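One structure below.
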Amino acid sequence: MNEIGDKLKEARKAKGYTLDDLQQKTKIQKRYLIAVEEGNLDVLPGNFYARAFIKQYADSVGLNGDDLIREHMDALPQTNNSNYSKSVHKTQTRSKTKNSGFVATLRDSLPTLLIVLLVVAIVFAIYLAITTGSDSDLDSFINEDEPSTVIEVDDNEEAASDPEEESETEEVNDEQTDTDTEETADEEESVEDQSQTLTEVSSTETSTTYTVSGPHPSEQTIILNAEGGDSWSSITIDGETASGLIADGESLSGSFDENVAEVSIVIGNAAVTTIELNGQEVPYNTSEAEAVRQEVTIEFE
């Protein structure tokens, strides 16, 4: 038996494991590991655990546990399978007897349970009938004894009105009308304040620069339209450029949000190309005589 222990001990040291490391790895108590290495298997809980601990020890240090057990089968204690089988058989027999007794008790008690449930249902039905009947009688008693009241309205009194009340009503209506008029005017002024203002900052024969003041919506568009001819153009927004030949009757557009500070436009045929910023036309130097190249810069304040 010491031969198995020596092999396991040498393999453990070759792996660089201490007994504490191996205990953490295999979850086997350190004193059992020492017993395996020393061949003192009487310390282990039983013969079955002796083989199981040796196999797990061997597998953890890089050896084949099954092969090691087969090589030293004669030196290892034998497990008593017959006692284990008898124990299992007896336990299962006792469980079966217990279950049979419970089923028999339940079967014997079933008629009594049914009778109890039937009595409870009858009592509950009688209670509901009494409660419902009492409420109906009470409502009938109240309706019969309650005197009816009829209110008559004189046509002359209904037609009459207080002159002071009519005057106050007219004043309130006039005040409400004035308030509505003021609110409508404020709304119109607010809409005007929200429009963008396009201001020309500089202009040459081939370039124009504008600044845009006022609110900057989260969704804005710049559109180039070609009418009367073709125009090769481009739109640059935050370093991204969209370019191409705009055929007669077609357009080139770009979208951006309120964070964009500048939009650059290059137009190859200014005579046939118009610019729209958020639906507002942007004027710039054009020439009807020839296809003049223009550069337009729009800066947002």
Subject >> Loop-located GluC sites (Glu not before Pro) in region 1-70, at most 15 other Cβ atoms within 10 Å (DSSP) >> reply: none
Subject >> Cβ-placed point charges (K, R +1; D, E -1), dipole of region 2-71 about Cα centre in debye, nearest 20 >> reply: 260
Subject >> Per DSSP, loop GluC sites (Glu not before Pro) in region 239-284 with at most 16 further Cβ within 10 Å >> reply: Glu250, Glu258
Subject >> As computed over region 2-71, the Cα convex hull volume per residue (Å³) >> reply: 73
**OP:** Among Lys25, Lys13, Lys55, rank each residue by its count of other Cβ atoms within 10 Å, from fewest to most, as a rough exposure measure.
**Re:** Lys13, Lys25, Lys55
**OP:** Can you grab the distance from the C-alpha centre of region 217-234 to the C-alpha centre of region 107-125, Å, no decimals?
**Re:** 88
Original post:
Hey, got the dipole for region 197-300? About the Cα centre, +1 on K and R Cβ, -1 on D and E Cβ, debye to the nearest 20?
Top reply: 100
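Just so you know, all these numbers are worked out from the coordinates, no wet-lab data involved. Source: prediction; values computed, not measured. All Cβ positions, even for glycine, are placed from backbone atoms using ideal geometry, and neighbour counts span all protein chains on display.
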